[in-house]
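Where a number appears in this text, it was derived from the coordinates with a stated rule and is not lab data. Given the structure is predicted, the values throughout are model-derived calculations rather than measurements. Positions of Cβ are generated from backbone atoms using ideal geometry, with glycine treated the same way; all protein chains shown enter the neighbour counts.
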Ligand SMILES: Cc1cc2nc3c(=O)[nH]c(=O)nc-3n(C[C@H](O)[C@H](O)[C@H](O)COP(=O)(O)OP(=O)(O)OC[C@H]3O[C@@H](n4cnc5c(N)ncnc54)[C@H](O)[C@@H]3O)c2cc1C
Ligand code: FES
């Protein structure tokens, strides 16, 4: 039997990924379609262009908000969190 | 059936340039009942108006003719915001802070002169700074609060004024049309030649910003308008961290400097959309569009020095623009006696947005043959010889 796939942590949930897969692709594969809310309307957002252009897929990676989930490579040690609005709410 | 296309009546005024200054000239001239045509070789706000910031500052101007113009302009911008709106006008007030005792003393001295000229300037003790800006560094020597400082979004402001001049004032806007020459009748300027034909007009206003010297050359007159490069950093959107327009006292001497070398001083402000804008740099390097990382790094470091919280915020982009610089730091506003029929409204350097409203107001008055609300002698085009 092959070993279980590696996972990363997404708000406490273990998300499996294949080596080379992006955080966004792994989230989608796990059935998670949105991981951020917009700043003004609080609307759900997830992957849109999938190629790093639209900035819709922003997510908090290792404490750093506004990372593009479609570009950040998934790694076992990566800590991924949902982002609310600007993701900088803790600064004000 | 036969359709005869109406021959458009010649405008009273052609305004060259659809930046914030040209837009203000067009708006005020249309308001004064003149038929206006605005031409720009690019789209609206494609010059420096789309490459700067939108601070309306009385705080950075020592007592003198530019301050007088700025005070009138600040009032006119408020009126325009009430009447037209739609360009993110905020009466946010400015806070100038000093890191050293000597800079603080200069700030207080400048404030005294400004107060005598009608500016409200309130000294702020170091202990009171957090009440104005909670995230400001804790080791500053003091500050000065200027409630008359305000902010607009310059591209929106230009677009709104032009839309209103067209909608209500019957003005015509022709973008993608470059002025290549001026029509003359003897000495008089009687219209413009363009890449799309000639436009006769009783008066021509040169609102070509940093390219105002080139337009003047078309009339055979000399105007020393030179580019003074400046960079702006844009951060990712953040909650409200910076409430006022905040800048370091050294900014004022940087603005007034005549030397061509690089000057930087931190200028920080929030925007409606969330990003924080960080300036400012000044240098005369022609129209060099390169973007030295070293300058961007210096700007970022200086902003973090004022607001340590910004160390945790990313810069997402930077842009540069070329301020229309005149050697005496004053704009060129008014009729040119060397080329009757030609008015100038250019060379506003780093204050063109601020001064646009008043510039449009006095240009319209001058075109209509009325007296202007401020004395135009310090701004006269022939002063450079
Ligand atoms: C980094 C930076 C920050 C700044 N911050 C501020 C600030 O906070 N507050 C402030 O008040 N000012 C600021 N400024 C300055 C301000 O942006 C300018 O003074 C102002 O935009 C000038 O407006 P303008 O309409 O005169 O020129 P422009 O906006 O440059 O408009 C001139 C127009 O003329 C057109 N044109 C030129 N030649 C021709 C031709 N031959 N035929 C047809 N069209 C022609 C151009 O295409 C252009 O659109 C800043 C500038 C920079 C670079
Ligand atoms: S989905 Fe468009 S940038 Fe990531």
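Write down the radius of gyration of region B:1-106 and its Dmax, each obtained from C-alpha positions, in Å.
19.7, 82
By count of other Cβ within 10 Å, fewest leading, how are B:232, B:152 ordered? Each step should come with its number before you reach the end.
Values: B:232 20, B:152 25.
The order, fewest Cβ neighbours first, is B:232, B:152.
Can you pull the Kirkwood radius for region A:39-85, inverse mean 1/r over Cα pairs, to one decimal in Å? Let's see the in-between values first.
Details: mean 1/r = 0.0902 Å⁻¹.
Kirkwood radius, region A:39-85: 11.1 Å.
Need the full-extension length gain, residue B:293 to residue B:112, defined as separation in residues times 0.36 nm minus the C-alpha distance. One decimal, nm.
Details: separation 181, 0.36 × 181 = 65.16 nm, distance 3.85 nm.
Gain in length upon complete extension: 61.3 nm.
Using 0.36 nm per residue of separation minus the Cα-Cα distance, give me the extension gain between residue A:33 and residue A:11 in nm, one decimal.
Numbers: separation 22, 0.36 × 22 = 7.92 nm, distance 1.44 nm.
Fully extending the segment from residue A:33 to residue A:11 adds 6.5 nm.
Along Cα→Cβ, 7 Å out, is where each label goes; now give me the distance between the ones at residue B:338 and residue B:285 in nm to one decimal.
Once both label points are built, they end up 3.1 nm from each other.
Count, for each residue of B:273-280, the Cβ atoms from other chains sitting within 10 Å of its Cβ, then give me the mean as a whole number.
Details: counts 2, 5, 1, 0, 0, 0, 0, 0.
Other-chain Cβ atoms within 10 Å of each residue's Cβ, averaged: 1.
Hey, any idea what Rg/Rh is for region B:216-342, computing Rh the Kirkwood way over Cα pairs? Could the numbers behind the result be given before it?
Values: Rg = 17.5 Å, Rh = 16.3 Å.
Computed over Cα atoms, the ratio is 1.07.
Obtain the nm distance between the two label points defined at residue B:234 and residue B:259 by a simple spin-label model: each point lies 7 Å from its Cα along the Cα-to-C-beta direction.
Output for this residue pair reads 3.3 nm.
According to the Kirkwood expression over distinct Cα-Cα pairs, how big is the hydrodynamic radius of chain B, in Å? Intermediate values should be presented prior to the final figure.
Values: mean 1/r = 0.0470 Å⁻¹.
After inverting the mean inverse Cα-Cα distance, the result is 21.3 Å.
Working from the alpha-carbon coordinates of the protein assembly as shown, get Rg over Rh, Rh being the Kirkwood radius. Don't skip to the end; give the middle numbers.
Working: Rg = 25.8 Å, Rh = 24.4 Å.
My calculation puts Rg/Rh at 1.05.
Give me a single rounded figure for B:313-326: the average over its residues of other chain Cβ atoms within 10 Å of their Cβ. Write out the running numbers ahead of the final one.
Details: counts 5, 5, 0, 2, 0, 0, 0, 0, 0, 0, 0, 0, 0, 0.
Across B:313-326, the average partner-chain Cβ count within 10 Å equals 1.
Can you give me the distance in nm between label points at residue B:122 and residue B:377, each placed 7 Å from the Cα along the Cα-to-Cβ direction?
Those two pseudo-labels are separated by 3.7 nm.
Expected output is a single nm value to one decimal: the length gained when fully extending between residue B:370 and residue B:88, i.e. 0.36 nm times separation in residues minus the C-alpha distance. What is it? Don't skip to the answer; put the middle values down first.
On the way: separation 282, 0.36 × 282 = 101.52 nm, distance 3.14 nm.
Gain in length upon complete extension: 98.4 nm.
Rounded to the nearest 500, what is the 222 nm mean residue ellipticity of chain B from helices alone, with -39500 (n - 2.57) per DSSP H run of 4+ residues and division by all residues?
Values: 9 runs with 109 residues, N = 385.
Helices in chain B give a 222 nm mean residue ellipticity of -9000 deg cm²/dmol.
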